[in-house]
Structure formats: structure tokens, C-alpha cells
Amino acid sequence: MKTLSAADQKAYATQNTRISDQAQSEIAAKGVPDSLSVVFQAPYVLGPSMLDSVIAKAQVAGVDALFRHPPTADAAFVTPSTLVDHRTFQKVPTPKLQAGEKKAGDPDVFGALSLFQVLSSRIDNSTALSAADAWDGDAMVTFTRNGQTCLRTTFAGRGTKGTPTITAALQQWATQMPAGSATVDGTADRVTLTACDPGAAATAIPNPPIASLVYLSSRDDLFSGLLEQGASTQEATCSADTFVRDPAFAPVIEAAGKDPNAEPDPAVVTALQARVQEIVKECRQT
């Protein structure tokens, strides 16, 4: 695509937008929940910035290395800095079932992406992203109790602040759920979420899932872009994290919630570009 002329690149972008609009219309017509669509879209939306981050730090050799040692957690494309910094994650024991609970299926992993998506559906994106960035491993078991389908996940957070960050976000999310459907129990280094299908008491999620995905992808795109410009991982992380939390970025997320394919207002783009430059300068001085 990068070898095409400017006119052909524009035609390519126009065609992609048309295909995307058509797909979105078909999905809406068939009643597919937005949250489910985002689950399938996320790897394709977030994957390119993850790969760009690796290329920026290690060139082609870094890509080759990924085939020999693939990422082991979805945190790689949620928080690309974990991949370029070669972070490893904790192995968390599967949470135990209690009396009257019957296991349904095999133990699994909840993951950083699901953590972000679930949290951002009912609380602000900033808090949800902080929790996802703090993710350092988990283990999940699904079970039935009194005819209800439930899950129990134990999360580990990174460093001394990681688990408290995840705990606070989960507690905030649980308060937005129907009474009694979710509980959060934490210690200094682990926090366990137990959540059950609320059935008829379920309420619609207030936050558009696609807007949260745009929030996350914008952060990661800026992170990889700054790495390509020669910024350190620390500078790129500081700048990207600060940018998506800046009030100047809020109109982008609001617009994405209404129409993910809408062209941003030129004035908004100009303001964002100026703000990015200010934020990058501030992060380089810290």
C-alpha cells in the first residue's frame, strides 16, 4: 500500500471505508451485539500497532523472533510495551470452587483485553485501561450455581500498585452491575472476581464498545508511531497514555461511539496534533 501513488492510496482508503460501512450495516441488521463484534475486531485493529512497535525497536529481526517465540498473552497487543520490553507474566493458580458449585468446561484465562472490554463497558476508559495495563496474569473457571452460570477469575497485578489498581477498577465496575451479581475479593497481590449471569435483572451497558476500542487503538497507534520516530519506550508510553486521557481527545471518542467511520473535524485534528507535540515535549522533560 505504501508504494502506491497518493491517488491510489486515497482510492484504497475510500474502498476500505465503503466495505467497512457495508459490514457494519449488515452486522447491525442481523442484531449482532456491539460487544461481540469488538471481540472479533480487536486483534485486527490492535495487531498492526503491536507489530509496528516491534519493528521500530528490533526491525525485521524482531518480527522473525516472534515466529520462534510467539506472544503468550493478549497483553502483547493491549499494551505493546510489554512485548518490546520482553515482559513475562505470572502463572496464577485456578481459583477454587465452593460448596454447591459445579465446574462447567475447562479452566481458562480471562486476559487483559477482556478485562479492558468488560470494565470499559460500565466505567470510564481511563480507569479500565489502567487496570488492563496493570494485568500480569490470571486464571479463570466457569461454573454453575443454583441454576446460574458464573465465572471466577483471580488476577495478578504488576508491581506493588498493579493488583490494587485492578481491584479498584473491578469494585467500581461491580457497583454498576445488578445487585448481587458480582463480588470482588482482594489481597495485596491477588484479586478474585466472581460474576454470575443476572438473568432478567441484566441492564444494558452504557458505554459503546467500539468507542472503547478506538480509545485503546489510538493509544497504541501513538505509542508505535513515537517509537518509529526514535522515542524511548518510557517517553512513548508517557506520551500515549497522557494523550488519550487529555480533554482534547474526548471529542474523538464521543464521535467514535456514534459512528466509528466518521471523518474527524479538521479543527479537532489540528488541535490534537498541537496537543500531542506539547505532551511529547512534557514527557521528554520528565
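The values are calculated or read from the model by the stated rules, or taken from the named source; none is laboratory data. The model shown is predicted, which means the values in this text are computed figures rather than measured ones. Ideal geometry is used to build each Cβ from the backbone, glycine not excepted, and the neighbour counts take in all protein chains shown.
Numbers for the structure displayed
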item: Answer from 48, 43, 93 - the residue that is surrounded by fewer than 16 Cβ atoms within 10 Å (Cβ to Cβ), part of a loop (DSSP other than H, G, I, E, B) and not basic (Lys, Arg); result: 93
item: Flag if residue 168 is under 19 Å from the mean Cα position of the chain (by Cα), in a helix (DSSP H, G or I) and either surrounded by fewer than 15 Cβ atoms within 10 Å (Cβ to Cβ) or of a type outside the set (Val, Ile, Thr) (or both); result: yes
item: Among residues of segment 17-40, those that are in a helix (DSSP H, G or I) and either within 18 Å of the chain's Cα centre (by Cα) or basic (Lys, Arg) (or both), counted; result: 8
item: Sole exception among (1) surrounded by fewer than 14 Cβ atoms within 10 Å (Cβ to Cβ); (2) touching a helix residue (DSSP H, G or I) at 6+ places or on another chain (Cβ under 9 Å) for residue 204, by number; result: (2)
item: Residue within segment 55-63 that is among the polar types (S, T, N, Q) and either surrounded by 13 or more Cβ atoms within 10 Å (Cβ to Cβ) or over 28 Å from residue 240 (Cα atoms) (or both) present; result: no
item: Residue that is surrounded by fewer than 20 Cβ atoms within 10 Å (Cβ to Cβ), assigned by TED's automatic domain parsing to the domain that holds residue 259 and aliphatic (A, V, I, L, M), where the choices are 240, 248; result: 248
item: Every residue from segment 96-154 that is in a loop (DSSP other than H, G, I, E, B) and touching a helix residue (DSSP H, G or I) at 6+ places or on another chain (Cβ under 6 Å); result: 122, 123
item: Filter result for the condition that a residue is crowded, with 18+ Cβ neighbours inside 10 Å, under 11 Å from the mean Cα position of the chain (by Cα), within 16 Å of residue 51 (Cβ to Cβ) and in the same structural domain as residue 59 (by TED's automatic domain parsing), over 224, 212, 217; result: 217
item: Residues that are polar (S, T, N, Q) and either at positive phi or assigned to a helix (DSSP H, G or I) (or both), drawn from segment 257-286; result: 270, 273, 277, 285
item: Residue 200 farther than 21 Å from residue 95 by Cα and either not charged (D, E, K, R) or not in a loop (DSSP other than H, G, I, E, B) (or both); result: yes
item: Filter pass, residue 181 being touching a residue at least 24 places away in the same chain (Cβ under 8 Å) and hydroxyl-bearing (Ser, Thr, Tyr); result: no
